[in-house]
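Colleague: Okay, handing you the structure first.
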Amino acid sequence: MSTSRSFQSRLLSGFVSRLVATVAGSGLASAVTGAVVVSGAASVLSAAAHAGPAEDKGLEIARKADKANEGFATEKGAMTLELINAHGDVTKRKMRFEVVEGKEDGDKSLSVFDWPADVKGTKLLTFTHKKGDDDQWLFLPAVKRVKRIASSNRSGSFMGSEFAFEDLAGQEVEKYTYKHLDDVKLDGRDCWRIERVPTDKNSGYKRQVVWMDKEYLNAIKIEFYDRKNELLKVSVFSGYKKQGKFWRFDKIAVENVQTKKKSVLAWENRELGTKVDASRFDSAALED
């Protein structure tokens, strides 16, 4: 469950291929290809024309944070997940996680529920990609089946929590466009406040506003806005400690401002750079 890595664009070539395949044999393929490429080039030029200092600085900050978090190799530990409903009732779950850092592509992560009995053995495997859709598989022991999470469903709730499936993937720089809003203090901490907009059309978020701590080079607060551009939820990251050269938080508290539900994820026994079994990061091995 890596919290910072890289982000930004994709889609035109795949769209061209699908459209050409649709009209193949009709004599229109060449014309359609040319039209789409011209249209795509115009869109890129238009986007470039609208980029400015705020966008450049936002991307620079994202890249700086990504660079500061490179080189951890592996990460593992235990977590407690608390689900808190609007009435304050609390349900607890315990899980463990492992992450393998990607070099040419995004990270791979595996989360396994250990308690209580009704969710024990549930597993989530995520392959994050710098470009294109991430791959996610959910193993449900009750039905002994591995379910692939479609990109159109990644905005759905993970195990009844306020975390969406897309929240649990690595935050690759290429997955967003950026804009620096201002420099602010939050709880006495110096931060850059940046806006990031997902490039994935299937994202459940219109945009996110991130308070990026200038020392930690990680987020200490994120506001998530839904597709209607209304505030959906707020995540607060706390308990930062340094492990080697890396800053790591030990708690995320998420509050859904629309439903008043909350989820709290707390880390224990976090280890970086230790050996993990690479064979476990395989969708075919989830049933083992």
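Every number here is computed from the coordinates shown, using simple stated rules; none is lab data. The structure displayed is predicted, hence computed values, not measured ones. Note: ideal-geometry Cβ built from the backbone for every residue, glycine included; neighbour counts use all protein chains shown.
Colleague: Could you list, in sequence order, all residues of segment 202-217 that are in contact (Cβ under 8 Å) with a residue 40 or more places away in the chain and either out of contact with any Ser or Thr (no Cβ under 6 Å at 6 or more places or on another chain) or on the phi > 0 side of the Ramachandran plot (or both)?
Modeller: Listed by number, the residues that qualify are Ser203, Tyr205, Met212, Leu217.
Colleague: Collect the residues in segment 215-225 that are within 15 Å of the chain's Cα centre (by Cα) and not in a loop (DSSP other than H, G, I, E, B), keeping them in residue-number order.
Modeller: Selection gives Ala219, Lys221, Ile222, Glu223, Phe224, Tyr225.
Colleague: Still on this structure, please answer the following. From the list Val236, Val254, which one is in a strand (DSSP E or B), among the aliphatic types (A, V, I, L, M) and in contact (Cβ under 8 Å) with a residue 60 or more places away in the chain?
Modeller: Being in a strand (DSSP E or B), among the aliphatic types (A, V, I, L, M) and in contact (Cβ under 8 Å) with a residue 60 or more places away in the chain holds for just one of Val236, Val254, which is Val254.
Colleague: Scan segment 113-172 for residues that are aliphatic (A, V, I, L, M) and either closer than 24 Å to Asp277 by Cα or not in a loop (DSSP other than H, G, I, E, B) (or both) and jot them down.
Modeller: Correct list: Val119, Leu124, Leu125, Leu138, Leu140, Val146, Ile149, Ala164, Leu168, Ala169.
Colleague: Limited to segment 51-103, what total is found for residues that are more than 30 Å from Lys260 (Cβ to Cβ) and not aliphatic (A, V, I, L, M)?
Modeller: Going through segment 51-103 one residue at a time, the tally reaches 22.
Colleague: Additional query: Only one of these is surrounded by fewer than 20 Cβ atoms within 10 Å (Cβ to Cβ), among the small types (Gly, Ala, Ser), within 27 Å of Thr91 (Cβ to Cβ) and within 17 Å of the chain's Cα centre (by Cα): Ser155, Ser161. Name it.
Modeller: It is Ser155.
Colleague: Tell me which residues, restricted to segment 134-152, are of a type in the set (Val, Ile, Thr), free of Cβ contacts under 8 Å to residues at least 40 places away in the same chain and surrounded by 14 or more Cβ atoms within 10 Å (Cβ to Cβ).
Modeller: Within segment 134-152, just Ile149 meets the criteria.
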